[in-house]
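Scroll down for the structure; my scribbles are underneath it.
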Amino acid sequence: MKLTDLTIFNYKNIAEAELHFSPKLNCFIGDNGQGKTNVLDAIHFLSFCRSYSSSIDVLSVRHEQEFMSLQGFYENEDGTTEDIHIGLKVGQKKIVRRGKKAYRRISEHIGLIPLVMVSPADQILVLGGSDERRRFIDMVICQYDTSYTEALMRYNKALLQRNALLKAEEEPDSEVMLVFEEQMANEGEYIYRKRSEYISELIPVFQQFYNQISQNKEQVELRYISHLQRGPLLEQLMASRFKERAVGYSLHGVHKDDLDMLQGGYPVRKEGSQGQSKTFLIALKLAQFDFLSRTGTRTTPLLLLDDIFDKLDADRVEQIVKLVGGSQRFGQIFITDTNRDHLDAILASMKSDNKIFYVDRGEVKA
């Protein structure tokens with residue numbers, strides 16, 4: 001998949017921009033706060049119908065404006081094209097069109113344009129709570145498996161209903177409780193199986209990337225943690241009713257799954273340096289990219305790299321440059337940096353088609 005052209009109107013600090021991209025490497029250079037990340041965020045919005053940095057759509061509309069719009073023209077690997085348009089007016093529901101036809105449900109669009117983005121904000125994936133890591137897992141699987149997306153929605157609906165019963169002042173009807181527990185168990189087993197399959201494939205590729213970037217200086221691990229590893233979820237839910245009634249919410253289920261990130265047997269978030277944590281994150285995202293390339297529609301995702309070299313020593317920067325610039329496994333790349341030297345090193349290593357954009361106070365110029 002290639003993004004050939006992008007039109008931006010009133011998106012964050014970008015008033016207007018019409019951009020034509022290289023099919024391989026596109027570099028955005030400028031000082032911090034000028035709008036480089038917003039260009040990448042607009043590309044992300046066209047894939048996922050939401051900003052990478054916020055789930056509140058109205059925050060994507062430029063200050064003192066009433067609406068924003070994005071339009072992207074794509075070329076598939078078989079030569080066919082896609083025209084995606086997203087319009088959002090303050091106080092109204094956003095409209096997403098594929099060609100001239102608007103989607104009835106926005107969820108139908110997810111997965112059409114696979115994309116992986118690496119951003120400084122992703123450090124929360126390593127340093128934050130388990131909900132961030134579950135979101136990371138779900139974001140990937142939802143891009144190639146619509147049945148998984150639907151199972152998640154059904155599970156979360158049953159979870160909300162069970163929690164409402166647990167919080168109720170009156171003792172809930174046990175038969176009604178069982179209905180929601182059975183729904184959670186049925187959907188949860190499917191979700192657990194899909195997550196397990198994904199992570200088992202992700203781990204060896206992640207370790208390969210980490211070893212290359214760190215030059216085998218550290219030993220790292222990923223471990224999937226789930227209540228379903230203890231046994232059937234329905235049995236756990238039924239056995240924990242009394243305790244969960246006391247706290248008012250469900251303590252067991254796939255909504256508590258986590259991904260342990262270890263270095264030398266200890267949590268990266270506690271023991272790793274800033275550079276090691278960032279290496280962990282980048283290797284994880286590159287493994288995510290590799291997985292998406294081999295699944296679903298088997299379309300090479302877009303790769304967005306936002307300010308990835310900060311906090312890394314020269315050796316690790318060099319290895320990432322070799323990985324991204326020298327490998328044919330990555331397709332179209334969009335990268336931002338304040339340091340022209342980093343981008344020049346990538347350009348020199350790639351020796352292929354590229355385009356440089358300069359970003360200043362919301363203006364983007366080639």
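The values are calculated or read from the model by the stated rules, or taken from the named source; none is laboratory data. Bear in mind that the values here come from a model prediction, so they are computed numbers and not experimental data. Cβ coordinates were reconstructed from backbone atoms using ideal geometry, including for glycine residues, and neighbour counts include every protein chain displayed.
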### Summary
Checked Glu108, Glu170 against criteria (under 30 Å from Ser69 (Cβ atoms) and among the charged types (D, E, K, R)); the one match is Glu108
### Summary
Subset of region 92-141, residues among the basic types (Lys, Arg) and either surrounded by 17 or more Cβ atoms within 10 Å (Cβ to Cβ) or assigned to a helix (DSSP H, G or I) (or both), comes to Lys94, Arg133, Arg134, Arg135
### Query
Ile56 passes all but one of (1) among the aliphatic types (A, V, I, L, M); (2) surrounded by fewer than 18 Cβ atoms within 10 Å (Cβ to Cβ); (3) at pLDDT 95 or above; which number fails?
(3)
#### Entry: Selection from region 215-224 of residues that are at pLDDT below 95 and not hydrophobic (A, V, I, L, M, F, W, C)
Gln215, Asn216, Lys217, Glu218, Gln219, Glu221
#### Entry: Residue, farthest from the chain's Cα centre (by Cα), within region 322-345, restricted to residues that are closer than 14 Å to Val118 by Cβ and among the hydrophobic types (A, V, I, L, M, F, W, C)
Leu323
### Message
Of all residues being more than 18 Å from the chain's Cα centre (by Cα) and aliphatic (A, V, I, L, M) in region 252-287, which is surrounded by the fewest Cβ atoms within 10 Å (Cβ to Cβ)? Just the residue, please.
### Response
Leu262
### Query
How many of the residues making up region 59-88 are over 21 Å from the mean Cα position of the chain (by Cα), surrounded by fewer than 15 Cβ atoms within 10 Å (Cβ to Cβ) and not in a loop (DSSP other than H, G, I, E, B)?
2
## Note on the structure
When (1) at pLDDT 80 or above; (2) at negative phi; (3) part of a loop (DSSP other than H, G, I, E, B) are applied to Lys311, the one that fails is (2)
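Restricting the search to region 45-58, which residues are of a type outside the set (Val, Ile, Thr) and in a helix (DSSP H, G or I)? Steps first, please.
Restricting attention to region 45-58, the residues satisfying the condition of being of a type outside the set (Val, Ile, Thr) are 45-55, 57.
Answer for region 45-58, where residues must be of a type outside the set (Val, Ile, Thr) and in a helix (DSSP H, G or I): Phe45, Leu46, Ser47, Phe48, Asp57.
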### Residue that is crowded, with 19+ Cβ neighbours inside 10 Å and either among the acidic types (Asp, Glu) or over 28 Å from Phe280 (Cα atoms) (or both), where the choices are Phe180, Phe242
Phe180
